[in-house]
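Notes follow the structure.
The values are calculated or read from the model by the stated rules, or taken from the named source; none is laboratory data. Just so we're clear, the structure is a prediction, and the values are computed from it rather than from any experiment. Quick reminder, even Gly has a Cβ in these numbers, built from the backbone with ideal geometry, and neighbours come from all protein chains shown. We work out accessible area using only protein heavy atoms, side chains counted, and drop any ligands, DNA or RNA first. Shrake-Rupley method; radii C 1.70, N 1.55, O 1.52, S 1.80 Å.
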Amino acid sequence: MKPKVNVLISTYNGEKYLKEQLDSILIQTYQNIDIYVRDDGSKDGTISILKEYEKAGKIHFLQGKNVGFIDSFFTLLKDCDEAEYYAFCDQDDVWLEDKIKRAVTMLEENKEESIPILYYSNYDFYDTNMTFQSHAINKKKPSFLNCLVECINLGMTTVINENARNIAIKNLPSFCEGHDWWLYMICEGMGKVLYDETVTAKHRLHESNTSECGKNFISLQIHRIKSLFQENYFKTIHKQIQEYATYFLEDLSKENQEILKLFNIEKFRYRNQLKKLCYPKRYRQVWTDEIMIRFMFLIGAI
């Protein structure tokens, strides 16, 4: 019997692209899949579409109130039935037909019963009509240092094992920039993160995207400046790190404990700011991001 995979989708006013995404999951070459969809309070025709698929026996439908996409995904992770693996899915992208097969193959090859494991893959950018736009930047260097300040695993490419799921639902965050980011921190800190450089999904870019993926250089910097000064983005990251330390500090290796303490001990704040600023290893994947994060250390934002 092949391992069971639960595909988890949170929807919100997604009627425009939802059917195309659901159909791309239903034609996966990997067969042992259950699809769980939680609607986060849609006002358009999304619920009608989901009831149609539910009536046909194609999905498990959970209707809920609006709690935001992060809590919606965590609710799905907690409320779905048990499986060996859990795959996250956005409502507006398209999966290639061997996406789940590739994920399960790599996860099974690297299987360890006692640790949390996360798989993520490469992807391409498409416009609203699913016309190819560009390749995503290859992100091949997950590390504990990186996971504290950057999420490199896009949610819709992420698949986790049951250990990761169990740890996450027992330690749900109050301050979190993304369910995918929290799971990256869990698996990099206490388990294993696997990167598949093969493209397995088409990431659709449109005006309602919540992520910064696919923005050009200038738009990306404007987005980040707005996040810094208007939305307290780095303040939330700092709180996310603090909460992670509360839950997991004692479960980390000695080396990772020392890294985490640089972000978490207020008593030696200024000394730690200097240590973070001058740390010899890279924090982030792209050099412009590396400069920005070290500037944030310099001004005490993180």
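With everything on Cα atoms, drop me the angle between helix 69-79 and the longest principal axis of the chain, reported from 0 to 90° to the nearest 10.
70 degrees
Just to confirm a number: summing +1 for Lys and Arg and -1 for Asp and Glu over residues other than Val67 whose beta-carbon lies under 14 angstrom from that of Val67, what do you get? Intermediate results must be reported in sequence, preceding the final value.
On the way: positive: Arg38, Lys65, Lys78; negative: Asp39, Asp40, Asp71, Asp79.
Here the charged neighbours net out to -1.
Using Rg and Dmax of the Cα atoms in Å as the read-out, say which of (1) 20.7, 62; (2) 20.6, 71; (3) 19.1, 61 was calculated from these coordinates.
(3)
Could you give the length gained by full extension between Asp127 and Val199, i.e. 0.36 nm per residue of separation minus their alpha carbon distance, to one decimal place? Kindly include the intermediate steps, with their values, before the conclusion.
Details: separation 72, 0.36 × 72 = 25.92 nm, distance 1.64 nm.
Working it through step by step, the gained length comes to 24.3 nm.
Identify the residues of segment 245-264 with backbone N under 19 Å of a label point that sits 7 angstrom from the Cα of Ser143 along the Cα-to-Cβ direction, or state none.
252-264
With a 1.4 Å probe and every protein chain left in place, work out the accessible area per residue of the chain in Å², rounded to a whole number.
Details: 14500 Å² over 302 residues.
Solvent-accessible surface per residue comes out at 48 Å².
Roughly how big is the chain's charge dipole about its Cα centre, with Cβ charges of +1 (Lys, Arg) and -1 (Asp, Glu), in debye to the nearest 20?
Numbers: 39 positive and 43 negative charges, 238 e Å.
It works out to roughly 1140 debye.
Label segment 15-92 by shape, choosing from rounded, prolate and oblate, from the square roots a ≥ b ≥ c of the eigenvalues of the Cα gyration tensor; if a/c is under 1.5 it is rounded, and otherwise prolate applies when a/b is larger than b/c, oblate when it is not. Walk me through the numbers before you get to the answer.
Details: a/c = 1.66, a/b = 1.12, b/c = 1.49.
Note, shape of segment 15-92 comes out oblate.
For segment 45-108, which GluC sites (Glu not before Pro) pass both filters: DSSP loop (anything but H, G, I, E, B) and at most 10 other C-beta atoms within 10 Å?
Details: sites: Glu52, Glu54, Glu82, Glu84, Glu97, Glu108; in loops: Glu82, Glu84, Glu97.
Answer in residue order: Glu82.
Once both axes come from the Cα atoms, what is the angle between helix 287-298 and the longest principal axis of the chain, in degrees from 0 to 90, rounded to 10?
50 degrees
Once R0 is set to 30 Å, what does the formula 1/(1 + (r/R0)^6) return for the Cβ-Cβ distance between Lys111 and Glu290, expressed as a FRET efficiency to the nearest 0.05? Can you show the working numbers first?
Numbers: r = 34 Å, r/R0 = 1.12.
So the FRET efficiency works out to roughly 0.35.
Once you have a ≥ b ≥ c as the square roots of the Cα gyration tensor eigenvalues for segment 70-202, tell me rounded if a/c is under 1.5, and otherwise prolate or oblate according to whether a/b is larger than b/c.
rounded
What aspartates and glutamates could a cross-link reach from Lys51, if we take a straight Cα to Cα line under 17 Å and drop same-chain neighbours fewer than 8 places away?
Glu15, Glu20, Asp23, Asp34, Asp39, Asp40
For Cα pairs less than 8 Å apart in space and 6+ apart in sequence, what is the mean separation divided by the residue count of the chain, i.e. the relative contact order in percent?
Values: 503 pairs, mean separation 54.1, N = 302.
For the chain, the relative contact order is 18 percent.
What nm value, rounded to one decimal, do you get for the distance between Glu255 and Asn66 when each label is placed 7 Å out toward the C-beta?
Modelled inter-label distance: 4.6 nm.
Filter Lys111/Lys261; Lys65/Lys239; Lys101/Lys202 down to the pairs with a C-alpha to C-alpha distance above 21 Å, please.
Details: Lys111/Lys261 30 Å; Lys65/Lys239 26 Å; Lys101/Lys202 16 Å.
Those over the limit are Lys111/Lys261; Lys65/Lys239.
With n ≥ 4 as the cut-off for DSSP H runs, can you work out [θ] at 222 nm for the chain, using -39500 (n - 2.57) per run divided by the number of residues, rounded to the nearest 500? Each step should come with its number before you reach the end.
Values: 12 runs with 130 residues, N = 302.
Rounded to the nearest 500, the figure is -13000 deg cm²/dmol.
Zone of Glu52 (label point 7 Å along Cα→Cβ, backbone N under 20 Å): which residues in segment 1-39?
Answer for this model: 9-28, 35-39.
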